[in-house]
Amino acid sequence: MFVKPIEFKAKVKSILNLAPSIYEYKFQVLDSDFEFKAGQFAMMVFDSLIDDSKNVSRAYSISSKPNIKEFELCVEIIEGGQAGTYFSALTEGQIVDFKGPFGMCYIKPENQNDLIMIATGTGIAPIKSIVDDLIAKGDKRKIEILFGVRYEANIFYQDLLDSYSKYENINARITLSKPSEDWNGLKGRVTSHLDEFDWGNKDLYICGNGAMIREVRQFGLDQGLDKKQIHLEIFDS
């Protein structure tokens, strides 16, 4: 069922620093129920805190599974921009405005295919939402997750990804494009590991920077995936 985006108010419940410049914001929805699907995003309205950004809003994928009374965002704060100014100014207990839900990067009820999910940076947010929702529903389809960042210091959600290993149907891996000599995990960009997947009858979810998404999408098409089997969210600054 399609849910028309509407305006909401929410209170900042907690702020957690996950990695350098990466923060998790948890919001408590006030008054109305916020109904969203795992994989959708919200538009944060910046003019609620920044006087010179009236009518400016920015999209952020929700990183938590559906809950009508609260949601989480995984945000990279870049200094000097409106988004960085907005999120840096937030404090616990503060009231903010947002709109939602938006986006079509969610699993349709009729879709029972196994999943390949590839993300870089904060693009892991909607994938986390989808996977946590599937786990909560007891879904047993096979899920392959590949998460790419540059350096060890940039890794976040590692404990969460490691916890997925207790489920026989989920395999989550992290790869570093600029690893140190001490790194014993996967190395290289996510695109260097695409031939390691079984691409037969899968749905592909890609979230991250535009160049990566275009390359992975084309690879999926070359493996025989239909365009309807490919779902994406672009996270360009």
Does the range 90-102 include one or more residues that are closer than 27 Å to residue 165 by Cβ, assigned to a loop (DSSP other than H, G, I, E, B), out of contact with any Leu (no Cβ under 9 Å at 6 or more places or on another chain) and in contact (Cβ under 8 Å) with a residue 24 or more places away in the chain? no
Return only the number of the condition from (1) closer than 24 Å to residue 76 by Cα; (2) touching a strand residue (DSSP E or B) at 6+ places or on another chain (Cβ under 7 Å) that residue 215 does not satisfy. (2)
Quick one: in the range 195-213, of everything that is surrounded by 12 or more Cβ atoms within 10 Å (Cβ to Cβ) and without any contact (Cβ under 8 Å) to a residue 40 or more places away in the chain, which residue is farthest from residue 137 (Cα to Cα)? 211
How many residues does the range 221-237 contain that are outside any loop (DSSP other than H, G, I, E, B) and touching a residue at least 40 places away in the same chain (Cβ under 8 Å)? 4
Answer yes or no: is there a residue in the range 52-71 that is modelled with pLDDT of 95 or more, over 22 Å from residue 127 (Cα atoms) and β-branched (Val, Ile, Thr). no
All positions within the range 61-71 that are surrounded by fewer than 20 Cβ atoms within 10 Å (Cβ to Cβ) and not in a loop (DSSP other than H, G, I, E, B): 70
3 or more residues over 15 Å from the mean Cα position of the chain (by Cα): qualifying strands (runs of 3 or more DSSP E) within the range 109-187: 170-176
Residue among 86, 106 that alone is farther than 20 Å from residue 36 by Cα, buried (at least 19 other Cβ atoms within 10 Å of the Cβ) and among the hydroxyl-bearing types (Ser, Thr, Tyr): 86
Out of the range 140-157, which residues are surrounded by 15 or more Cβ atoms within 10 Å (Cβ to Cβ) and either among the hydrophobic types (A, V, I, L, M, F, W, C) or over 22 Å from residue 216 (Cβ atoms) (or both)? 143, 145, 146, 147, 149, 152, 155, 156
What do you reckon, is residue 84 free of Cβ contacts under 8 Å to residues at least 24 places away in the same chain, over 30 Å from residue 143 (Cα atoms) and assigned to a loop (DSSP other than H, G, I, E, B)? no
I'd like to check something: does the range 160-177 contain any residue that is at pLDDT below 95 and either of a type in the set (S, T, N, Q) or under 17 Å from residue 38 (Cβ atoms) (or both)? yes
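The values are calculated or read from the model by the stated rules, or taken from the named source; none is laboratory data. Remember, it's a predicted structure, so these values are computed and weren't measured experimentally. Positions of Cβ are generated from backbone atoms using ideal geometry, with glycine treated the same way; all protein chains shown enter the neighbour counts.
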